[in-house]
Each structure stands twice: as C-alpha cells, then as structure tokens.
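Participant: Take this structure first; my questions come after.
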Amino acid sequence: MKDPVLTKTEKQQAYVKESLTRAMQEVRMAKLNGQKLPDARDLLKVKKEKKCR
C-alpha cells in the first residue's frame, strides 16, 4: 500500500500537531508527577548564570 501524498502545508500541519501533542503530554505528565516545567524566566536565568562564569 502506498503512503498518501501530502502537500508541503499538510506535512507542516502534521508536524506542528505532533509537536504540540507531545508538548501537552509532557505538561500533563509533569503536573501528575508534581514537577514544575521551566518557563522563559528560568531559561534566561540559567543562560545568565552560565554567561557570568
């Protein structure tokens, strides 16, 4: 059986959907495990700490 032929836009939409689905699963798992996911402020803080070294 042949794979369906997808347009560039359809491929991009499928990629975005998969990425967002994976990200939402990570958020749900983190909440269930009582973990806090880093936000932009956390990432900037780490970057600044590394730069000061």
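The values are calculated or read from the model by the stated rules, or taken from the named source; none is laboratory data. The structure presented is a predicted model; accordingly, all values stated were derived computationally and were not measured. Positions of Cβ are backbone-derived with ideal geometry, glycine not excepted, and every protein chain shown enters the neighbour counts. The accessibility values were calculated without ligands, DNA or RNA, using every heavy atom of the protein model including side chains. Shrake-Rupley method; radii C 1.70, N 1.55, O 1.52, S 1.80 Å.
Participant: So if I check each of 37, 43, which one is of a type outside the set (Gly, Ala, Ser), open to solvent by 80 Å² or more (accessible area, probe 1.4 Å) and either in contact with a strand residue (DSSP E or B) (Cβ under 7 Å, 6 or more places away or on another chain) or modelled with pLDDT under 90 (or both)? Reasoning before the result, please.
Facilitator: Working: 37 fails: open to solvent by 80 Å² or more (accessible area, probe 1.4 Å).
Criteria check complete, one pass: 43.
Participant: Please identify the pairs in which a residue from the stretch 17-33 that is open to solvent by less than 100 Å² (accessible area, probe 1.4 Å) has its Cβ atom under 6 Å from the Cβ atom of a residue that is outside any helix (DSSP H, G or I) and of a type outside the set (Asp, Glu), counting only partners at least 6 apart or on another chain.
Facilitator: 30/37
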